[in-house]
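Trainee: Mind looking over this structure? Questions follow.
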Amino acid sequence: MRFNHMELTFPMGNLTTALREEIDAFYGSIFGWKGFDTDVVGQSCHLLMPDPDQFILLAESERPMSSPGYDHLGLLQDTRQEVDDLLEACERYAEKDDRVSIKRYEDLVYPGLIVHAFYVKYLLPIYFDVQSMERS
Amino acid sequence: MRFDHMELTIPVGSLTTTLRKEIDDFYGSIFGWSGFDMDVASRPCRLLMCGSDQFIQLLESERPMHSPGSDHLGLLLETRKDVDDALKACERYAESDDRVSIERRQDLAYPNLTVHTFYVNYLLPISFDVHSQEPS
């Protein structure tokens, strides 16, 4: 058993063509995700696919999610350098779009483990925790 | 990059010893998850270890997540029978605890793929989409 996808909902009328394009532009340029439209049970949705085995489904709902805090999905990278490269890419994007929300973190140091992370949120209901885990 | 965890927040004061035990009992007996306490950035947290190096962390927040609709995390199981067995286990649990919310779904049939699924929610802010994917 493994997590393989999330469904995230927006208020009715919000998942416009313009929003879909903005989401694709950000998550495509930063993370390399592919975005495309799909119908799910008769509803027009938008899929974000990091790879063929994982996806995020965006849909409209009369009862959308709200996450005013730091609820997030963790995106595990292979190395600290990859996390740093993604942070730099997010910072560059934020220079031209102030809707990019970035939260920098000190490393979390546990016995035998260091977690190197930042959070980023852009036009989706939740943050992403972009992190690496280094065994020490 | 892979999805490796999700942080979910619940209202301050909610993450009691009783709730932790109830969550452990349900998700442990149905999915085999194991729960334990730890601090994350000096905040008390309940970790649910889900296997496959994936986990869910529960924290209290002044601004908790609210998800009254269909938002969910997808749990991919190996086979249709695994899904049916999990559904039966949820139904048995629901006989003694009416807080188990189960939504049965018709198979989603796509070209070359059939998704067999049900949704379940128990004491967490989002539902789980328990499913298998069968090439057809």
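Computed from the coordinates by the stated procedures, all read-outs in this text should not be read as laboratory data. In this text, all values refer to a predicted model and were calculated from it rather than measured experimentally. Cβ: placed from backbone, ideal geometry, glycine included. Neighbour counts: every protein chain shown.
Trainee: Starting from the Cα of A:LYS121, draw a straight line to each of the aspartates and glutamates and keep only those under 15 Å, dropping any in the same chain fewer than 8 residues away.
Mentor: Straight-line reach from A:LYS121, under 15 Å: A:GLU22, A:ASP24, A:ASP71, A:GLU88, A:GLU91, A:GLU95, A:ASP97, A:ASP98, A:ASP129, B:GLU7.
Trainee: Taking amide hydrogens as modeled 1.01 Å from N in the peptide plane, which residues meet the under 5 Å criterion relative to B:PHE55, leaving out close sequence neighbours?
Mentor: Long-range HN contacts for B:PHE55: B:HIS5, B:MET6, B:CYS50.
Trainee: Determine which aspartates and glutamates satisfy two conditions relative to B:LYS81: a Cα distance under 14 Å, and not lying fewer than 8 residues away in the same chain.
Mentor: Straight-distance partners of B:LYS81: B:ASP107, B:GLU134.
Trainee: What lysines could a cross-link reach from B:LYS88, if we take a straight Cα to Cα line under 29 Å and drop same-chain neighbours fewer than 8 places away?
Mentor: Cα-Cα hits under 29 Å: B:LYS21.
Trainee: Once you order the gyration tensor axes a ≥ b ≥ c over the Cα atoms, which shape class does region A:5-61 get: rounded for a/c under 1.5, otherwise prolate or oblate by comparing a/b with b/c?
Mentor: oblate
Trainee: Kindly state, to the nearest 0.05, the FRET efficiency for A:ASP78 paired with B:LYS81, given R0 = 25 Å and r defined as their beta-carbon distance.
Mentor: 0.15
Trainee: Hey, another quick one. Taking 0.36 nm per residue of sequence separation and subtracting the Cα-Cα distance, how much length would be gained by fully extending the chain between B:SER52 and B:SER29, in nm to one decimal?
Mentor: 6.5 nm
Trainee: Output the antiparallel fraction of DSSP beta bridges having both residues in the protein assembly as shown, as a percent to the nearest 5.
Mentor: If we restrict to bridges inside the protein assembly as shown, about 75 percent are antiparallel.
Trainee: Moving on to the next point. Using the basic label-point model (7 angstrom from Cα toward the beta carbon), what is the B:GLN106 to A:LEU47 distance in nanometres?
Mentor: 2.0
Trainee: Another question, then. Can you work out the FRET efficiency for the pair B:ASP39 and A:ALA25, with r the C-beta to C-beta distance and R0 = 30 Å, to the nearest 0.05?
Mentor: Numbers: r = 38 Å, r/R0 = 1.26.
Efficiency at R0 = 30 Å is approximately 0.20.
Trainee: Using Cα atoms only, what is the angle between the long axis of helix B:80-96 and the major principal axis of chain B, expressed in degrees (0 to 90) to the nearest 10?
Mentor: Orientation of helix B:80-96: about 50 degrees from the principal axis.
Trainee: How much of the DSSP bridge set in region B:5-61 is antiparallel, in percent, rounded to the nearest 5? Numbers along the way, then the final one.
Mentor: Details: 13 of 20 bridges.
Close to 65 percent.
Trainee: Quick check for me: using +1 on Lys/Arg Cβ and -1 on Asp/Glu Cβ, what's the dipole size of region A:72-135 about its Cα centre, in debye to the nearest 20?
Mentor: Roughly 220 debye for region A:72-135.
Trainee: So how tilted is helix B:17-31 from the main axis of chain B? Cα-based, degrees 0 to 90, rounded to 10.
Mentor: The helix B:17-31 is inclined about 20 degrees to chain B.
Trainee: Here's something else I'd like to know. Would you mind computing, in nm to one decimal, how far apart the modelled labels at A:ALA18 and A:SER101 are, each placed 7 Å from Cα along Cα→Cβ?
Mentor: Simple spin-label model gives 2.1 nm for this pair.
Trainee: Against the longest principal axis of chain A, how steep is helix A:80-96, in degrees 0 to 90 to the nearest 10, with axes from Cα atoms?
Mentor: 50
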